[in-house]
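This report refers to the structure that appears directly beneath it.
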């Protein structure tokens, strides 16, 4: 049961980041406008394309379980600063404070899941393990 839940957890985590990458790609101009609103103005096109690539590569690595810890590290390197910048509820007006605190805690929980994946690896059902067991004897 543990192995199946690890696989399901990786699938669910990966889909969050696939959706984030798809959303940033489809709404590229709106995402750039949002970046400007948060004070991120340096080379937005390059940064946004790089972030979309990081999200896709990280999500694929987590999903298939091949160097899932590196994929989780890539995703964490995006998700943690994103959370601290976008959901800084301590700086928000009172009407947004509660909602942004909830989003902040949700995103921090996802960061915790990524840290667990970094610490424990992909588990039994992963491409890396499959490749290891398919090696031919010498």
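Readers should treat all values here as calculations from the given coordinates under stated rules, not as data from a laboratory. Computed from a predicted structure; not experimentally measured. Please note: Cβ atoms are built from the backbone with ideal geometry, for glycine as well, and neighbour counts cover all protein chains shown.
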Packing-based exposure ordering (other Cβ within 10 Å, fewest first) of 116, 7: 116, 7
Spin-label model distance (nm) - residue 102 vs residue 131, 7 Å beyond Cα toward Cβ: 4.2
Extension gain (nm, one decimal) between residue 86 and residue 19, 0.36 nm per residue minus Cα-Cα: 22.4 nm
Separation of alpha-carbon centers, the range 16-62 and the range 97-138, rounded to whole Å: 21
Alpha carbon Rg of the chain, scaled by the compact-globule rule 2.2 N^0.38 Å: 1.20
Residue 41-residue 115 FRET efficiency (beta carbon distance; Förster radius 25 Å; 0.05 resolution): 0.25
The range 1-96: relative contact order as a whole-number percent, Cα under 8 Å and 6+ apart: 28
Crossing angle, helix 28-37 versus the chain [Cα axis fit, 0-90 degrees, rounded to tens]: 60
